[in-house]
1. Return the residues of segment 284-296 that are in contact with a helix residue (DSSP H, G or I) (Cβ under 6 Å, 6 or more places away or on another chain) and either under 17 Å from Gly244 (Cα atoms) or outside any helix (DSSP H, G or I) (or both); say none if nothing qualifies.
2. Considering only segment 262-280, I want to know if a residue exists there that is more than 30 Å from Ile113 (Cα to Cα), among the aliphatic types (A, V, I, L, M) and either in contact (Cβ under 8 Å) with a residue 60 or more places away in the chain or out of contact with any Lys or Arg (no Cβ under 7 Å at 6 or more places or on another chain) (or both).
3. Here is a list: Ala324, Ala291, Ala320. Which entry is buried (at least 21 other Cβ atoms within 10 Å of the Cβ), small (Gly, Ala, Ser) and either without any contact (Cβ under 8 Å) to a residue 60 or more places away in the chain or more than 13 Å from Leu368 (Cβ to Cβ) (or both)?
4. Yes or no: Tyr198 more than 17 Å from Tyr81 (Cβ to Cβ) and either crowded, with 24+ Cβ neighbours inside 10 Å or touching a Ser or Thr at 6+ places or on another chain (Cβ under 8 Å) (or both)?
5. Against the condition part of a loop (DSSP other than H, G, I, E, B), over 15 Å from Gln276 (Cβ atoms) and either at pLDDT 95 or above or not assigned by TED's automatic domain parsing to the domain that holds Tyr272 (or both), how does Pro12 come out, does it pass?
6. Regarding segment 39-60, can at least one residue be identified that is closer than 30 Å to Phe132 by Cα and either basic (Lys, Arg) or in contact with an Asp or Glu (Cβ under 8 Å, 6 or more places away or on another chain) (or both)?
7. Looking at Ala299, is it part of a helix (DSSP H, G or I), modelled with pLDDT under 95 and surrounded by fewer than 16 Cβ atoms within 10 Å (Cβ to Cβ)?
Amino acid sequence: MDTEFHRIRRLPPYVFETVNALKAKLRGQGVDIIDFGFGNPDMDTPPHIIEKLIETARKPRTNGYSSSRGIPGLRAAQARYYQRRFGVKLDPDTQIIATLGSKEGFANLAQAISAPGDVILTPNPSYPIHPFGFLIAGASIRHIEALDAESYLRSIDAAARHSVPSPLAVVTCFPSNPTAQTCDLNFYKEIIALARRYEMFVLSDLAYAEIYFGDPPPSVLQVDGAMDICVEMTSLSKTYAMAGWRMGFAVGAPRLIGALTRVKSYLDYGAYTPIQVAACAALDGPQDCVAQMRDTYRARRDVMVESFGRAGWDIPPPDASMFAWAPLPPKFAALGSLEFSKRLMQEAGIAVSPGAGFGEYGEGFVRLGLVENEQRIRQAARAIKTFLETSNPH
């Protein structure tokens, strides 16, 4: 039997795999690749978090199965974070569940609430789990162009009005991955009004809540009435440089959290207990480490914008997140984002993520992660200058 499986048929070829394969090939040949393509934090996890992990792992009875909902102390710590950061009160027992990172939370929420025929409105360009988590679950996706918050809001209204059947849910992601765009509380007020008008759930991805360079990003749950129809995902991955620890949360409407809790109870036993205890230390412990990481990303952003600009490639300065979202240099615009990314790696030794990998409206752009130090960023700028001056785009 050579028939492709039903769910696999719904997934297009992974654009990033082409870039990753080329990166592995070049590195295998000894080429030094300056890698802005993968959003993997390069900073150290703060020592007090690691120490709590080690201390807990040495205790008896912490190495068995944990709780898929998250241990009570961790859910309580997340409630304290939301109260402190957003002024939002959460019940740890009914409105919070720990997840294995925000990606797993989105994927299992899709399994929990959607069925074949359900319509989900998702931003485009978008982090791939937003649409594909629901595609894997069997739902139908309506992609909404989302190059800025206001146009996304207008398009949601039009899409919801003309969708048959009416959409089950709409996804938001601010600060955005990949575009680094932000929104204010008025955006969330309007999207909650739209969601009530069209009887939709709102699914918010707030993974970059603590990486910002202007005003702190708000939570949709700050809006009156949002708690009845919203769930919001957060993550410790970027905030505390804990990407490999796989620790995140879903919070919000008890009905949605309950559905996710039931599905997860069949699928996993939660994160390793010492990781959950260490996550408590992250949320409740000193937060100067977060400010230091934010300052590091800000400094890298400024160096990238300034040095790449002098090299001939204008990078719009992001207001938040650990990414920059940049249009292709005009000389190479006709190549498209994938071919440009390949050429940049082959000829300049620089890896970026092609915008087409984030959806059709991402074409013409690339995403650059602020995951190399300032010296490497300046080194990349010199290579880019040579590339732009000498490479033939035809």
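1. Result: Gly285, single match.
2. yes
3. Testing whether each residue is buried (at least 21 other Cβ atoms within 10 Å of the Cβ), small (Gly, Ala, Ser) and either without any contact (Cβ under 8 Å) to a residue 60 or more places away in the chain or more than 13 Å from Leu368 (Cβ to Cβ) (or both) leaves just Ala320.
4. yes
5. yes
6. Yes, segment 39-60 contains at least one residue that is closer than 30 Å to Phe132 by Cα and either basic (Lys, Arg) or in contact with an Asp or Glu (Cβ under 8 Å, 6 or more places away or on another chain) (or both).
7. no
For every residue, the table says whether it meets (1) surrounded by 23 or more Cβ atoms within 10 Å (Cβ to Cβ); (2) polar (S, T, N, Q); (3) not assigned by TED's automatic domain parsing to the domain that holds Thr122.
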| site | (1), (2), (3) |
| --- | --- |
| Ile315 | no, no, yes |
| Ala334 | no, no, yes |
| Leu338 | no, no, yes |
| Ser341 | yes, yes, yes |
| Glu347 | no, no, yes |
| Ala351 | yes, no, yes |
| Gly355 | yes, no, yes |
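The values are calculated or read from the model by the stated rules, or taken from the named source; none is laboratory data. Keep in mind the model is a prediction, meaning the values are calculated, not measured. Every residue, glycine as well, gets a Cβ built from its backbone with ideal geometry; the counts of neighbours run over all protein chains shown.
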